[in-house]
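What follows draws every value from the coordinates through simple rules; no lab data is involved. Please read all numbers here as calculations on a predicted model, not as lab measurements. Every residue, glycine as well, gets a Cβ built from its backbone with ideal geometry; the counts of neighbours run over all protein chains shown.
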Amino acid sequence: MNAEAAQDILQKHLRASGKLRSTPSRLAVLEAVLQSQGHFDAESLYYRMITSGKKISRATVYNTLDLLQECGLVSKYRFAEHSSRYEKAFGRPHHHHLICLECGDLIEFVNDRLNRIQEDVCAEKNFSPQSSSLQVFGTCAKCRKARI
Ligand SMILES: [Zn+2]
Ligand SMILES: [Zn+2]
């Protein structure tokens, strides 16, 4: 999906939900998301936009991320109470996550065998999958080492 297609999806969503107010700043948030690589949190996206000279409120960044999630353009991962991270939901390989509950580190992995299992299960259940991501919670090697 290119930037135009993504903008189109967001604009249709805004129109459908009657949230057309401040559309330009919302498109700016989308643009910043499209430029991001990997995972990010709302706060760092906000600072990145502010430091690059964008006039935007923190609230707009947060609620636009929610809108982008609603229309499937970003995936949101909630780890602890106050820690959510986002990533683009398209243009990236199908991958899964190992999440450290101590330091919040997020390790991505791709595993063809796992993907094939998912395909088998969906075929068995006659289910048409749209997206999926396995999240494994635990303790990373660094944190385990620090304990000893
Ligand atoms: Zn850790
Ligand atoms: Zn990821």
Original post:
Using the count of nearby Cβ atoms within 10 Å as a rough guide to exposure, how do 1, 49 rank from fewest to most?
Top reply: 1, 49
**OP:** Extending each Cα 7 Å along its Cβ direction at residue 63 and residue 108, get the distance between those two points in nm, one decimal.
**Re:** 3.0 nm
**OP:** Scale the Cα Rg of segment 96-147 by the rule-of-thumb value 2.2 N^0.38 Å and send over the ratio, two decimals.
**Re:** 1.48
Original post:
When 147, 116 are ordered from fewest to most other Cβ atoms inside 10 Å of their Cβ, what list results?
Top reply: 147, 116
Original post:
Cα convex hull of the chain: mean projected area in nm², to one decimal?
Top reply: 11.3 nm²
Original post:
With the contact rule set at Cα under 8 Å and sequence spacing of 6 or more, what percent relative contact order holds for the chain?
Top reply: 19 percent
Subject >> Separation of alpha-carbon centers, segment 126-148 and segment 47-124, rounded to whole Å >> reply: 13 Å
**OP:** Using label points projected 7 Å from each Cα along Cα→Cβ, tell me how many nm separate residue 126 and residue 78, to one decimal.
**Re:** 3.4 nm
**OP:** Under a 10 Å cutoff between Cα atoms, tell me which one of 60, 51, 23 has the largest fluctuation in the Gaussian network model of the chain.
**Re:** 51
Original post:
In a GNM of the chain with a 10 Å cut-off on Cα contacts, which of 63, 115, 126 has the highest mean-square fluctuation?
Top reply: 126
Original post:
Of the trypsin sites (Lys or Arg not before Pro) in segment 1-87, which ones lie in a loop per DSSP and count no more than 12 other C-beta atoms within 10 Å?
Top reply: 21, 55
Subject >> Convex hull volume per residue for segment 3-88, taking Cα atoms only, in Å³ >> reply: 91 Å³
Subject >> Relative contact order, percent, segment 3-88 [alpha-carbon distance under 8 Å, six or more residues apart] >> reply: 33 percent
